[in-house]
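These notes are about the structure you will find just below.
The values are calculated or read from the model by the stated rules, or taken from the named source; none is laboratory data. Since we're looking at a predicted model, the values are computed, not measured. Quick reminder, even Gly has a Cβ in these numbers, built from the backbone with ideal geometry, and neighbours come from all protein chains shown.
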Amino acid sequence: MGESLKDQLRALGLASEKPDKPAGRGRRKGRGKRRPSPVSRGTKDGEPSLDEAWAVREREERRQAGQARQAKLAEDRRRREINNRIRGIVESGGLNRDDASVPRNFLFKGRIRKIYVTREQQQALTAGEIGIVYLTGGYHLLAAEALEAVRAISAEHVIDLQGGNPDEDDHPVPDDLVW
């Protein structure tokens, strides 16, 4: 029982037979002159080192982020321009009235929306003489000519009141199907 753990491990072949190094040696000479680590040196095959590969990857990610930022700014600029053009049409030909009290419900972007109209406007909407345009959070009534001008600028701002169901076109019923 007098054997140390290290002697027992040596006897089992699990520890090296080298003598222990004395603890507390001084500083190593030449520490100021460091060689680059193997990670930072290129390989013999001409491949870049790991550090160089990370730097290239980081530069590429920064470039892609800059391109995405520029694309988003360009899209925002285009959207603002479209909204300004539509705003000019709505301001000059808008038919919204403050005394409108008849609610008119319609479907827009998958949700039921509401606009208040007069009795005459409701009849004109039903007949297709006027239409509804969406602009920055609000719904505006426009005459048919102004509606076509907005549709020429951006069709997604014009609301389809006919109730066309886009899901029906995705899965049409075959003509030869008999119920």
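Mind checking whether some residue in the stretch 59-76 is surrounded by 10 or more Cβ atoms within 10 Å (Cβ to Cβ), touching a Ser or Thr at 6+ places or on another chain (Cβ under 8 Å) and within 26 Å of Y139 (Cα to Cα)?
We begin by selecting, within the stretch 59-76, every residue surrounded by 10 or more Cβ atoms within 10 Å (Cβ to Cβ); these are 59-76.
Then keep just the ones that are touching a Ser or Thr at 6+ places or on another chain (Cβ under 8 Å); that gives none.
Checked against the condition, which is being surrounded by 10 or more Cβ atoms within 10 Å (Cβ to Cβ), touching a Ser or Thr at 6+ places or on another chain (Cβ under 8 Å) and within 26 Å of Y139 (Cα to Cα), the stretch 59-76 yields no hits at all.
Within the bounds of the stretch 168-178, is there any residue that is touching a Leu at 6+ places or on another chain (Cβ under 9 Å) and over 25 Å from E75 (Cβ atoms)?
Pass one, the stretch 168-178, residues touching a Leu at 6+ places or on another chain (Cβ under 9 Å): none.
No: zero hits.
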Are there any pairs, at least 6 apart or on different chains, whose C-beta atoms fall under 9 Å, with the first in the stretch 116-127 and under 9 Å from A100 (Cα atoms) and the second surrounded by fewer than 16 Cβ atoms within 10 Å (Cβ to Cβ) and of a type in the set (D, E), and if so, which? T118/D99
In the stretch 86-103, the residues that are touching a residue at least 24 places away in the same chain (Cβ under 8 Å) and within 25 Å of Q162 (Cβ to Cβ): I86, I89, V90, G93, G94, L95, N96, R97
Looking only at the stretch 119-131, decide whether some residue is modelled with pLDDT of 90 or more, over 22 Å from A152 (Cα atoms) and in a strand (DSSP E or B). no
Can you tell me which residues in the stretch 96-118 are surrounded by 14 or more Cβ atoms within 10 Å (Cβ to Cβ) and part of a loop (DSSP other than H, G, I, E, B)? N96, A100, T118
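Regarding L142, is this residue in a loop (DSSP other than H, G, I, E, B) and in contact with a helix residue (DSSP H, G or I) (Cβ under 9 Å, 6 or more places away or on another chain)? Outline the logic, then answer.
Numbers: in a loop (DSSP other than H, G, I, E, B): no; in contact with a helix residue (DSSP H, G or I) (Cβ under 9 Å, 6 or more places away or on another chain): yes.
No: the conditions fail for L142.
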Go through the stretch 84-95 and report how many residues are surrounded by 13 or more Cβ atoms within 10 Å (Cβ to Cβ) and not in a loop (DSSP other than H, G, I, E, B). 7
